[in-house]
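Asker: Okay, here's the structure, questions in a sec.
The values are calculated or read from the model by the stated rules, or taken from the named source; none is laboratory data. Being a predicted model, the structure only gives us computed values, none of them experimental. Virtual Cβ from ideal backbone geometry, glycine too; neighbours counted across all protein chains shown. Side chains are part of the model used for accessible areas, which takes the heavy atoms of the whole protein and leaves out ligands, DNA and RNA. Shrake-Rupley method; radii C 1.70, N 1.55, O 1.52, S 1.80 Å.
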Amino acid sequence: MTFPIQQRSFPAGASSTDPDRSRLVEVGQSKRLLQLTDAFPNLRKDITSSTLIISAYPASLGLTGVAPLADTYLHAPTSISAFRWAEQESRPVLFAAQPLAGADILLEFCRSDFNIPSRILWAVGGYPMPLSLEVFIREMLKSRGCELVFLYSYGVAEIGHTCFAATDRSESGQPCYKKVASTVSAETVGDDCLLRLTSATGVQVLTGDHALVSGDVWTLTSGVDRLHPNVLAELESWSHSDWSRRTGYLHATATETSIQVRRNVELDGEPSEVEFHNFWRRYGGSFTTKPVWKLHCRD
């Protein structure tokens, strides 16, 4: 039997081992990047044939074919090497990473003595980006002479990456999404306005998230199992000093919260904070997995 040569992508950070939970990755010129520049013309200076695409995402996004790509496998030294390459050659930078892993890499880069590119477009997705973290990282890079621009992306592994994208937030702090994937249909289901996506091949996914539509702007809100309001309030209450110490991974119950501190950060008596490696040992996880931002039953 002869099998076609193809690339498949599975859900980033998923615990399921179902072999059918995947999608075929388009190889070659990325249609999604071209759709993004059509939807957001202001990104055309960031996405060119000279751009260095730095991927620190734990799943394949099919970003090849438009510009050089450096895959970092979420390894911070490799990521920093790629940023330095872009800076040396004065290339535009497109950085693809999930919020917490990407922030950790950028924070390590900011704390180094290396020159930093003057502008970075961060395509952030996989789970919500807390506004407090966004402001912290933006200010850190600004202090090093770098303008950080955000492209918020929303997709589903079985359907495709960046089905929706946004470059701005509303006054309430929510990304103002547009549907950019022309081959994907989106609709809301039931009184809770659950978001359902359907691919061109008929694959349907009920995301568990909620959607409201006004004109061509979509407001997407995570379900409580992905991001509980209490956890969001905790994250948004953090100061710059908190984010400089904390990774954003936490374990929350109705009565207490355990918070992971960054590598090489010493505990200072704050009862909620847990040493970096002890947190992984106690609750599992890594920077390749999505944070569990729901409320756990007390164990």
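Asker: Starting from segment 220-299, pick out the GluC sites (Glu not before Pro) whose DSSP state is loop and whose Cβ has at most 12 other Cβ atoms within 10 Å. Don't jump to the answer; show the numbers that get you there.
Answerer: Values: sites: GLU234, GLU236, GLU256, GLU266, GLU273, GLU275; in loops: GLU256, GLU266, GLU275.
Passing sites in segment 220-299 are GLU256, GLU266.
Asker: Considering only the other residues whose Cβ falls under 15 Å of the Cβ of SER49, what net charge follows from Lys and Arg at +1 and Asp and Glu at -1?
Answerer: +1
Asker: Which label marks the calculated value of semi-axes √(5λ) of the Cα gyration tensor in Å, given the options [x] 57, 23, 16; [y] 42, 20, 17; [z] 28, 25, 19?
Answerer: After the calculation, the listed value that fits is [z].
Asker: Based on alpha-carbon centroids, what's the gap between segment 257-284 and segment 140-171 in Å, whole number please?
Answerer: If you average the Cα positions of each part, the centres end up 28 Å apart.
Asker: Spin-label point model (7 Å from Cα, Cβ direction): what's the ASP268 to MET1 distance in nm?
Answerer: 6.0 nm
Asker: Could you give the longest part of the chain that holds none of the chymotrypsin sites (Phe, Trp or Tyr not before Pro) found in DSSP loops with at most 16 neighbouring Cβ atoms within 10 Å?
Answerer: Formally, the longest exposed-site-free interval is 115-299.
Asker: With every protein chain kept in place and ligands, DNA and RNA left out, what is the accessible area per residue of the chain? Probe 1.4 Å, answer in Å². Before the final figure, lay out the partial values.
Answerer: Values: 14840 Å² over 299 residues.
Counting only protein heavy atoms, the per-residue value for the chain is 50 Å².
Asker: Considering only DSSP beta bridges with both partners in the chain, what is the antiparallel share in %, to the nearest 5? Don't jump to the answer; show the numbers that get you there.
Answerer: Numbers: 29 of 52 bridges.
About 55 percent, rounded to the nearest 5.
Asker: Under 19 Å from the Cα of LYS178, which aspartates and glutamates turn up, not counting those fewer than eight places away in the same chain?
Answerer: ASP38, ASP46, ASP168, GLU187, ASP209, ASP216
Asker: What's the FRET efficiency of SER241 with GLN88 using the Cβ-Cβ distance as r and R₀ = 45 Å, to the nearest 0.05?
Answerer: With R0 = 45 Å, the Cβ-Cβ based efficiency is 0.85.
Asker: Using a 1.4 angstrom probe on the protein heavy atoms only, could you order SER132, SER118 from most to least accessible area? Provide the component values of the computation, followed by the final result.
Answerer: Numbers: SER132 15, SER118 85 Å².
The residues order as SER118, SER132, largest area first.
Asker: Give the Debye-formula value of log10 I(q)/I(0) at each listed q (0.18, 0.24, 0.26 Å⁻¹), with one equal scatterer per alpha carbon of segment 69-161, two decimals each.
Answerer: -0.78, -1.38, -1.58
Asker: Please get the size of the charge dipole for the chain, origin at its Cα centre, with Cβ charges of +1 on Lys and Arg and -1 on Asp and Glu, quoted in debye to the nearest 20.
Answerer: The dipole of the chain has a size of about 700 debye.
Asker: Report, please, the projected area of segment 155-282 averaged over directions, based on the convex hull of its C-alpha atoms, in nm².
Answerer: So the mean shadow area of the Cα hull is 10.4 nm².
Asker: Just by accessible area at a 1.4 angstrom probe, what is the order of THR162, THR257 from largest to smallest?
Answerer: THR257, THR162
Asker: I need the phi-derived Karplus couplings for segment 278-288: 6.51 cos²θ - 1.76 cosθ + 1.60, θ = phi - 60°, integer Hz, Gly and Pro marked x.
Answerer: Result, rounded to whole Hz: 5, 4, 4, 5, 7, 10, x, x, 5, 5, 7.
Asker: What is the percent carbon and sulfur in the accessible area of segment 29-134, measuring with a 1.4 Å probe over the protein chains and ignoring ligands?
Answerer: Roughly 48 percent, rounded to a whole number.
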